[in-house]
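The values are calculated or read from the model by the stated rules, or taken from the named source; none is laboratory data. Note that this is a predicted model, so its numbers are computed, not measured. All Cβ positions, glycine included, derive from the backbone under ideal geometry; neighbour counts span all protein chains shown. Accessible surface areas use protein heavy atoms only, side chains included; no ligands, DNA or RNA. Shrake-Rupley method; radii C 1.70, N 1.55, O 1.52, S 1.80 Å.
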Amino acid sequence: MYCAIIGDIVSSRKYKDRQKLQHKFQQAMDQINHHYNDHIASNFTITLGDEFQGLLFTPSISYNIIQEIREALSPVQLVFGVGVGDIETNFSKEISIGSDGPVYHRARDMVMKAKLKGPSLQYSLGSEEDSLINGLLYFIESCTKKRTKRQKEVIYHYNKNKNQYETAKQLNIDQSTVSRILRDALYYEVLNAEEVIIGFLHEKYESNT
């Protein structure tokens, strides 16, 4: 089983400095290919100017890779489709173009679905669990979209050090304020949903490897 990720920039033509966007896009792909090299079957590659795709050996890291791409390209908005399945052609490690199979078909279908309606990230495993995973993704996106700029700032710093006191010190606020902001932003509920998705993918596809 392989895992394909396909991503597409939303309304890319509205960005005035297309050259700068393309450079930022390529940097993000290079960073992912470097950091996750051991898990990548076919390198993440820009395919149509505004779209990219990559192929993984390890489905459970797909969610983290997508979050890193989102962070690297912020505030650019993207949609993502993830498929898990077989591949029917030969593929190259160096570039993710020209290969085909159910794994890519599923990822492509999810990108199209994400474009039509939320959430902006959707998975297709070809199994009954698809609706459960995508339901959790809808919950995650519903929560994170409502976060204020201040909540996002606190979460960013807290994710870096995982310590409320250190976060409070960096932002010159009280620890109790950090705790309240994390609670109001449903930080731990979202984290739990993310861990459920990652843990499920690991258990289903990698626990016996």
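Here are some notes:
- Boolean, Leu201 is touching a strand residue (DSSP E or B) at 6+ places or on another chain (Cβ under 7 Å), closer than 26 Å to Leu78 by Cβ, touching a residue at least 60 places away in the same chain (Cβ under 8 Å) and of a type in the set (A, V, I, L, M, F, W, C): no
- All of Asn159, Asn163 fail the test of being closer than 23 Å to Ser60 by Cβ and either at pLDDT below 95 or surrounded by fewer than 19 Cβ atoms within 10 Å (Cβ to Cβ) (or both), apart from Asn159.
- Ser127 vs. criteria surrounded by 18 or more Cβ atoms within 10 Å (Cβ to Cβ) and in a loop (DSSP other than H, G, I, E, B): no
- Taking the criterion of being within 17 Å of Met1 (Cβ to Cβ) and assigned to a loop (DSSP other than H, G, I, E, B), the residues of the range 69-89 that qualify are Asp86, Ile87, Glu88, Thr89.
- Of all residues in the range 106-119, those being free of Cβ contacts under 8 Å to residues at least 60 places away in the same chain and either part of a loop (DSSP other than H, G, I, E, B) or surrounded by fewer than 22 Cβ atoms within 10 Å (Cβ to Cβ) (or both) number 7.
- Any chance Val103 is surrounded by 16 or more Cβ atoms within 10 Å (Cβ to Cβ) and at pLDDT below 90: no
- Entirely in the range 145-206, the helices (runs of 4 or more DSSP H) that have 1 or more residues that are over 30 Å from Asp86 (Cα atoms) and among the polar types (S, T, N, Q): 149-161, 164-171, 175-184
- So Lys20, is it touching a residue at least 24 places away in the same chain (Cβ under 8 Å), surrounded by fewer than 18 Cβ atoms within 10 Å (Cβ to Cβ), assigned to a helix (DSSP H, G or I) and of a type outside the set (Val, Ile, Thr): no
- The range 1-14: number of residues that are farther than 30 Å from Glu206 by Cβ, open to solvent by 50 Å² or more (accessible area, probe 1.4 Å) and not β-branched (Val, Ile, Thr): 3
- Residue tally, condition surrounded by fewer than 24 Cβ atoms within 10 Å (Cβ to Cβ), of a type in the set (Gly, Ala, Ser) and touching a residue at least 24 places away in the same chain (Cβ under 8 Å), over the range 78-100: 3
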